[in-house]
């Protein structure tokens, strides 16, 4: 079993839809959970970061962590064409800088 | 502007011809790393460096070398490239702390094709 599993998609939704992106993981030592967004022909950029369990909201984006289920989610409300990108989940134990990435989910939001 | 730069952005080469991809950051970060990104495989770490003169293997180090003689620079060296090293390469850096989370800043990527 891989440490981090992420459905690679692709996912295509109409503008205004609610999008749910998910990752599961097997290492219970992970404490830091991140979502990176990668536009075409660009490097990944940090979108959201959560420590341990719980929710974090930033505008139209909400990150959720359920450590008991080893499951993290990113929700995008009122999705826009500018949200079209590949979304990568990433996790770390916090004891080092090593990040373990999911494979990334390609999202397309159609006008 | 705080950034990670990579050069070249695009490179087509032939098997066995040594090449170097440069990476530089202007944020005084201690930690630097190289990744490759392949369809269906995601981002995989090649090498990383905790500080000057301190480097270590990541998950896929075979066929690659690195050096860290200065804090800002972390070049990736392919001494004898092969077609299976055709990939999209990213350099990243972060401000190292004793523990806790550090945001990694990525460069724009280098698309390498080995014929």
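Does residue B:12 qualify as being at negative phi, more than 11 Å from every other protein chain (Cβ to nearest Cβ) and crowded, with 18+ Cβ neighbours inside 10 Å?
Judged against the criteria, residue B:12 is not a match.
Of everything in segment A:1-36, what is modelled with pLDDT of 95 or more, farther than 13 Å from residue A:103 by Cα and in a strand (DSSP E or B)? Give them in sequence order.
A:11, A:12, A:13, A:14, A:19, A:20, listed by residue number.
Mind checking which residues of segment A:71-97 are at pLDDT below 95 and crowded, with 17+ Cβ neighbours inside 10 Å?
A:90, A:91, A:92, A:94, A:97
Kindly provide the set of residues from segment B:79-115 that are on the phi < 0 side of the Ramachandran plot, surrounded by 16 or more Cβ atoms within 10 Å (Cβ to Cβ) and either within 11 Å of the chain's Cα centre (by Cα) or in a helix (DSSP H, G or I) (or both), ordered by number.
Listed by number, the residues that qualify are B:85, B:88, B:89, B:90, B:91, B:92, B:93, B:106, B:107, B:110.
Within segment B:56-70, is even one residue more than 19 Å from residue B:19 (Cα to Cα) and in contact (Cβ under 8 Å) with a residue 40 or more places away in the chain?
No; the residues of segment B:56-70 include none that is more than 19 Å from residue B:19 (Cα to Cα) and in contact (Cβ under 8 Å) with a residue 40 or more places away in the chain.
Scan segment B:38-50 for residues that are in contact with a strand residue (DSSP E or B) (Cβ under 9 Å, 6 or more places away or on another chain) and on the phi > 0 side of the Ramachandran plot and report the count.
The total comes to 1.
Somewhere in segment A:34-43, is a residue at negative phi and without any contact (Cβ under 8 Å) to a residue 40 or more places away in the chain?
yes
Can you name every residue in segment A:22-36 that is within 14 Å of chain B (Cβ to nearest Cβ) and either more than 17 Å from residue B:102 (Cα to Cα) or surrounded by fewer than 21 Cβ atoms within 10 Å (Cβ to Cβ) (or both)?
A:23, A:25, A:29, A:31, A:32, listed by residue number.
If you go through segment B:72-115 one residue at a time, how many are within 13 Å of another protein chain (Cβ to nearest Cβ) and more than 15 Å from residue B:23 (Cβ to Cβ)?
The total comes to 9.
Counting only residues that are under 25 Å from residue A:4 (Cβ atoms), over 10 Å from the mean Cα position of the chain (by Cα) and within 13 Å of chain A (Cβ to nearest Cβ), give me the strands (runs of 3 or more DSSP E) lying completely in segment B:28-71 with at least 3 of them.
Those strands (runs of 3 or more DSSP E) span B:31-38, B:42-51.
Of all residues being closer than 14 Å to residue A:106 by Cβ and surrounded by fewer than 16 Cβ atoms within 10 Å (Cβ to Cβ) in segment A:37-62, which is farthest from the chain's Cα centre (by Cα)? Just the residue, please.
Ranking the candidates gives A:41 first.
Quick one: which strands (runs of 3 or more DSSP E) sit completely within segment A:61-111 and have at least 1 residues that are within 12 Å of chain B (Cβ to nearest Cβ)?
In segment A:61-111, A:85-92, A:105-110 are the strands (runs of 3 or more DSSP E) which contain 1 or more residues that are within 12 Å of chain B (Cβ to nearest Cβ).
The values are calculated or read from the model by the stated rules, or taken from the named source; none is laboratory data. What you see is a predicted model; the values in this text were computed from it and never measured. All Cβ positions, glycine included, derive from the backbone under ideal geometry; neighbour counts span all protein chains shown.
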